[in-house]
Amino acid sequence: MDKFIIKGGVPLKGTVAVRPAKNALLPCMAASLLTTEQVRFTSSARHMDIISMLSVLEHLGADVEGKPGGRLSVRAANGHGDLEAPYDLVRRMRASVLVLGPMLARYQRARVSLPGGCAIGARPIDLHLRALATLGADIRVEHGYVETTAKKLKGAEVVFDKTTVGGTENILMAAVLAEGETVVRNAAREPEIVDLAGMLTGMGAHIEGAGTDTIRVEGVRELHGVTHTCIPDRIVAGTLLIAGAITGGDVTCTDVEPEHLEALLLKLRSMGAKVDAGESKVRVAAPRKLVSTDIVTQPFPGFPTDLQAQFMALLSQAKGTGTVKETIFENRFMHVPELVRMGADIRIEGNLAVISGPRPLSGAPVMASDLRASACLVLAGLCAGGVTEIRRIYHLDRGYESLEKSLRALGGRVRRVKE
Ligand code: EPU
């Protein structure tokens, strides 16, 4: 297992280019199951989750060429005999459940292991299953697997009780090959949904309204191959910009979509940072003193839950009392005890964290507990006095590609070593 050793106290300065988003690539890769033709991705990212999704696609009979981090091509000419995403693959990455919609649409059946809970919450898939049932799928949950069949999916009105990114993606991928019109209400509006809809449209699907809460899909008989470029990773960009701000530095991210980062940029401005957003780039220069603020995590375009932990590290360095309210996941404060061990003043009351600052952080051995919590600890380590050792960074590698290299390019003193 690898760990990070960080010597804090250096203001990060410079420019980094951002790569395609994990959370856009994953559904788009699943969507390549919808056609017999080749689907090409002009670039990808070398995240563990991307590698896991490639294993799932290969297991389902797809031919994969290229390397994670570079161009990829996927061709699902024939369905594999058992059409099953087994427990061993799904437990490594819960987004494997995104193959359910496309498999059902293309092969009329699918067997996918239930993902189970994860560190940040229970994360059920009941909304995915209910939505697929509305389109006519027969669904059974047995022996830890979802088994689903449908002779022919039929378009219908799908109303999500709660906004769900993965649920919206699954239903879109099922509806594109269903008979007739599907209307998805209370759809997620995340940029990753718009990206997926763009790719599906490029494959011949008829979709309107992606990016709003009502999406209409007119099913087509078949889809063809496409070459697609996924959107840049707004969470990686946000993490690097916060890294600049927390160290008193000045960081520019290129190859980004500034409008995907608006909620974060608004908060950074209100804390006193100087923010310049241009075409495909964003620069954040830290003020001499950060001033505290409050955030509430919300579905897009609200403040993203995937930047909550990183932002909390920043709030620990701001003057005054700030609050963080987590409304998406029930257990996403696992970074708090570790931040407190490093010297932060944070009190938790239910889903609210109250952060008083600034408090100087001091380097300590800490343990990463999930993907974004790991990123939070890296940021804390970068501004802490002395040395921070972060164990279990395999969590980090699920969604950041060699984060230590990007940070070193900005002047950060971060090393990856074997435990
Ligand atoms: N939910 C249900 N039932 C469902 C589906 C969701 O109750 O059937 C609940 C979840 O438990 C959660 C809320 O609804 O409380 C929102 O979940 P959502 O379905 O929107 O999340 P997701 O699709 O599982 C994606 C990202 C997450 C990101 C969330 C929210 C991918 C692969 N994952 O998850 O990313 O936090 O949307 O924006 O796109 C990460 O990258 O670190 C990460 C966790």
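Couple of notes before you dig in:
- R0 of 51 Å, Cβ-Cβ distance Asp63-Ser362: FRET efficiency to nearest 0.05: 0.50
- Fully extending the segment from Val159 to Arg347 would add 64.0 nm, taking 0.36 nm per residue of separation and subtracting the current Cα-Cα distance.
- Set of lysines near Lys152 by C-alpha distance (under 26 Å), chain-local residues within fewer than 8 positions excluded: none
- Packing, as the average of other Cβ atoms within 10 Å across residues, places the peptides 234-247, 295-308 in the order 234-247, 295-308, highest first.
- Under 20 Å from the Asp2 label point (7 Å along Cα→beta-carbon), backbone N, the range 32-57: 44-55
- Within the straight-line cut-off of under 20 Å between alpha carbons, the aspartates and glutamates reachable from Lys418 are Asp2, Asp370, Glu389, Asp397, Glu401, Glu404, sequence neighbours fewer than 8 places apart in one chain being disregarded.
- Note on the chain: antiparallel DSSP beta bridges, both residues inside, total approximately 70 percent of the bridges counted.
- Angle in degrees between helix 234-246 and the longest Cα principal axis of the chain, rounded to the nearest 10: 0 degrees
- A 1.4 Å probe run over the protein chains yields, for the chain, 39 Å² of accessible area per residue, whole-number rounding.
- Set Lys67/Lys267; Lys3/Lys319; Lys3/Lys162; Lys22/Lys267 screened for pairs whose C-alpha atoms are more than 26 Å apart: Lys67/Lys267; Lys3/Lys319; Lys3/Lys162
- Label zone at Val340 (point 7 Å along Cα-to-Cβ), backbone N below 18 Å, the range 270-311: 309-310
- Exposure of Asp138 as accessible area (Å², to 10), given a probe of 1.4 Å and all protein chains: 80 Å²
- Label-point gap, in nm, between Thr254 and His206 - each point 7 angstrom along Cα→Cβ: 4.2 nm
- All other residues whose Cβ lies under 10 angstrom from that of Pro191 are scored, Lys and Arg at +1 and Asp and Glu at -1, for a net of -3.
- Over the C-alpha trace of the chain, radius of gyration and Dmax come out as 21.3, 64 angstrom.
- Additional length obtainable on full extension of the chain from Ser55 to Lys274, 0.36 nm per residue less Cα span: 74.6 nm
- Only Lys, Arg (+1) and Asp, Glu (-1) charged, at Cβ; the chain dipole about Cα centre in debye: 1460 debye
- Here the extension length gained between Arg140 and Lys152 equals 2.6 nm, from 0.36 nm per residue of separation less the Cα-Cα distance.
- Accessible-area ranking of His395, His206, largest first, probe 1.4 Å: His206, His395
- Rolling a 1.4 Å probe over the protein heavy atoms leaves Val291 with an accessible area of roughly 80 Å².
- Among 123-130, 383-390, the order from most to least packed when residues are scored by Cβ within 10 Å on average: 383-390, 123-130
- On Cα atoms only, tilt of 48-59 relative to the major axis of the chain in degrees: 10 degrees
- Restricting the range 142-232 to trypsin sites (Lys or Arg not before Pro) in coil, as DSSP defines it, with at most 13 other Cβ within 10 Å: Lys151, Lys152, Lys162, Arg221
The values are calculated or read from the model by the stated rules, or taken from the named source; none is laboratory data. These figures come from a predicted structure and were not determined experimentally. Backbone-built Cβ (ideal geometry, glycine too); neighbour counts: all protein chains shown. Side chains included, ligands, DNA and RNA excluded: accessible areas come from the protein's heavy atoms. Shrake-Rupley method; radii C 1.70, N 1.55, O 1.52, S 1.80 Å.
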